[in-house]
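First comes the structure, then the notes that go with it.
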Amino acid sequence: MRRGSALRVGLRSCGRRTAMGAASDIEAWLHEPASVGAYERQRAELGDNPSDAALLEAHLVPDPRKVRLRVYQTNSTHKSMSALRQGSMVLVKDVDYHKVEEQFHEAVFTHASTSPNQQLIASLDVARRQMELEGFGLVTDAIEIALGHRQLAVDGIAEGEPG
C-alpha cells in the first residue's frame with residue numbers, strides 16, 4: 001500500500017535534517033489539496049474499526065484539517081556556529097504558542113542564568129545572522145565532510161586496517 005506516500009516523499013525531499021525543516025515540509029503538505037484526499041483514501045481503506053495489525057502495517061496519514069503543528073527545537077549553537085561556549089537557542093514553530101507563551105518563558109527562565117552574559121548573547125546574535133546568510137552552506141559542508149570521513153573509515157576497515 002502507498003498510503004501517506006505524498007507526505008513521506010515531501011519530508012524526504014527536503015534535504016534538511018532539523019525539526020524546523022521537517023516542520024516546514026509538514027506545514028506545506030498540510031496546505032496541499034492532495035493531503036485531504038490522502039487522508040480520506042486511507043480512512044476508506046482502513047474502515048471505521050481497523051485491526052491493530054492493519055494499523056501497524058499502514059503508513060498512517062493525519063487528518064490535515066485537525067493537525068496542530070507544534071515544534072520546539074534546541075540547538076547547541078556553540079557546537080556548529082560562531083557562538084561562544086554554552087551558547088544555545090530554542091527555535092519555536094507552534095500554532096498554539098500564544099496559549100503557552102507564559103509557561104514557555106517560565107520554563108526557559110527557570111534554567112537560564114539570572115546574570116546574563118552580554119558577550120554570550122551578542123555571539124548568539126552573530127550566529128543567528130550567520131545562519132540566515134550562510135547556514136545551509138555550512139551544514140551542507142559539514143555533512144559532506146562527515147560522509148567523507150565515514151567513507152575513509154569504511155575503506156580502511158575493508159582493507160583490514162583498524163577502524
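The values are calculated or read from the model by the stated rules, or taken from the named source; none is laboratory data. Just so it is clear, the structure is predicted and the values come from calculations on it, not from any experiment. We place every Cβ from the backbone using ideal geometry, glycine too, and count neighbours over all the protein chains shown.
Look through the range 80-99, keep the residues that are polar (S, T, N, Q) and under 19 Å from A112 (Cβ atoms), and return whichever of them is surrounded by the most Cβ atoms within 10 Å (Cβ to Cβ). Let's see the steps before the verdict.
Restricting attention to the range 80-99, the residues satisfying the condition of being polar (S, T, N, Q) are 80, 82, 86, 88.
Keeping just the survivors that are under 19 Å from A112 (Cβ atoms) gives 86, 88.
Details: Q86: 12, S88: 14.
Only one residue fits best here, namely S88.
Condition check ((1) over 22 Å from G21 (Cβ atoms); (2) within 19 Å of the chain's Cα centre (by Cα); (3) not hydrophobic (A, V, I, L, M, F, W, C)) across all residues:
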residue	(1), (2), (3)
L91	no, yes, no
E106	yes, no, yes
L133	no, no, no
H149	yes, no, yes
Check whether at least one residue in the range 100-120 is under 24 Å from H31 (Cβ atoms) and touching a Lys or Arg at 6+ places or on another chain (Cβ under 6 Å), and report yes or no. no
For the range 22-77, give me each residue that is of a type in the set (D, E) and touching a helix residue (DSSP H, G or I) at 6+ places or on another chain (Cβ under 7 Å). D25, D63
Considering only residues that are among the small types (G, A, S) and in a loop (DSSP other than H, G, I, E, B), look in the range 74-99 and name the one that is modelled with the lowest pLDDT. S82
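State all residues of the range 128-150 that are of a type in the set (D, E, K, R) and surrounded by fewer than 12 Cβ atoms within 10 Å (Cβ to Cβ); if no residue qualifies, say none.
Taking the range 128-150 and keeping what is of a type in the set (D, E, K, R), we get 128-129, 132, 134, 141, 144, 150.
Of everything in the range 128-150, those that are of a type in the set (D, E, K, R) and surrounded by fewer than 12 Cβ atoms within 10 Å (Cβ to Cβ) turn out to be E132, D141, E144, R150.
It is to be established whether one or more residues within the range 100-123 are under 30 Å from E32 (Cα atoms) and at pLDDT 90 or above. It would help to see each step written out before you state the result.
Step one: list which residues in the range 100-123 are under 30 Å from E32 (Cα atoms), which gives 100-101.
Retained after the next criterion (residues that are at pLDDT 90 or above): 100-101.
Yes, some residue in the range 100-123 is under 30 Å from E32 (Cα atoms) and at pLDDT 90 or above.
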